[in-house]
Amino acid sequence: MFTLLGIAVALFIVSALVTNKGSFTITLPRSQMLNLGLVLSDTADFKRPRHEILSPPVVDLWNITRSSIPENIHMLDGENNGKDYIAMTFYLKNTGNKDLEYVLSVDLNEIYRNVDEALRVELYINDESKIYAKRKSDGSGESEPDTIPFLSRTRIIRTEPKDVNIDQIEKFTVVAWIEGEDPDCTNDLLGGFVKMTMNFDAKVKDIE
């Protein structure tokens, strides 16, 4: 997703460079597209349904705080990477003939030089937002301010099963950045990078 090349620290307000070694990929198993009728699209009209969406990496990204990202970022369809962040809005639709339920997970597939220590991932589901981060590294086990802890070293999020009935559309926005106010955003991250994927897994909804 992004690679850190350099950081200058000043009261934990830092500047971090990244390059294009990483990527962010959204995937839906092709079999679920064919057999269940679930499709992805980066526009609400589904003119280009697909089973995978790839966000291009951001080159020479400097670390920032959340206030530097537009508040309406979740209202902009498709890839909306800024100079200093990755942002993607896309949709999931049940075009099949059965009600379904899905689970969404976000994983870190590759981590180098602990860049994930200062990573923030904001996920909007139907325009409702939550921000995720690793727990503090000071041994307290506490969450970073205003965040939900990553589930593990490699898994950021895994949702509870959620219904997506026939013709229903679910909207998602993912925003990711290096948090400049995180105490772990230091020179120790020099040369690091992470790669991240979002995966969907669906099945026919159980009849109660």
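The values are calculated or read from the model by the stated rules, or taken from the named source; none is laboratory data. Bear in mind that the values here come from a model prediction, so they are computed numbers and not experimental data. Counting neighbours? That spans all protein chains shown, and the Cβs are built from the backbone with ideal geometry, glycine included.
Just so you know, in region 155-191 the residues that are in a loop (DSSP other than H, G, I, E, B) and among the hydroxyl-bearing types (Ser, Thr, Tyr) include one that is nearest to Glu117 (Cα to Cα), and it is Thr186. For region 45-59, a residue qualifies if it is more than 18 Å from the chain's Cα centre (by Cα) and loosely packed, with under 13 Cβ neighbours inside 10 Å, and the qualifying residues are Asp45, Lys47, Arg48. Considered as a group, the residues in region 143-157 that are surrounded by fewer than 17 Cβ atoms within 10 Å (Cβ to Cβ) and of a type in the set (A, V, I, L, M, F, W, C) include one that is nearest to Leu104 (Cα to Cα), and that residue is Leu151. Pairs linking a residue in region 139-154 that is without any contact (Cβ under 8 Å) to a residue 24 or more places away in the chain to a residue that is among the basic types (Lys, Arg) and assigned to a loop (DSSP other than H, G, I, E, B), with Cβ atoms under 8 Å and 6 or more positions apart or on different chains, are Gly141/Arg135; Glu142/Arg135; Glu142/Lys136; Ser143/Arg135; Ser143/Lys136; Pro149/Lys134; Pro149/Arg135. Residues of region 163-175 that are within 18 Å of the chain's Cα centre (by Cα) and charged (D, E, K, R): Glu170, Lys171. Of the residues making up region 56-85, just one is assigned to a loop (DSSP other than H, G, I, E, B), modelled with pLDDT of 90 or more, under 26 Å from Ala44 (Cα atoms) and of a type in the set (Val, Ile, Thr), namely Ile69.
Just to verify a result, which residue in region 69-97, among those that are small (Gly, Ala, Ser) and touching a residue at least 40 places away in the same chain (Cβ under 8 Å), is surrounded by the fewest Cβ atoms within 10 Å (Cβ to Cβ)? Applying the filter and picking the extreme gives Gly96.
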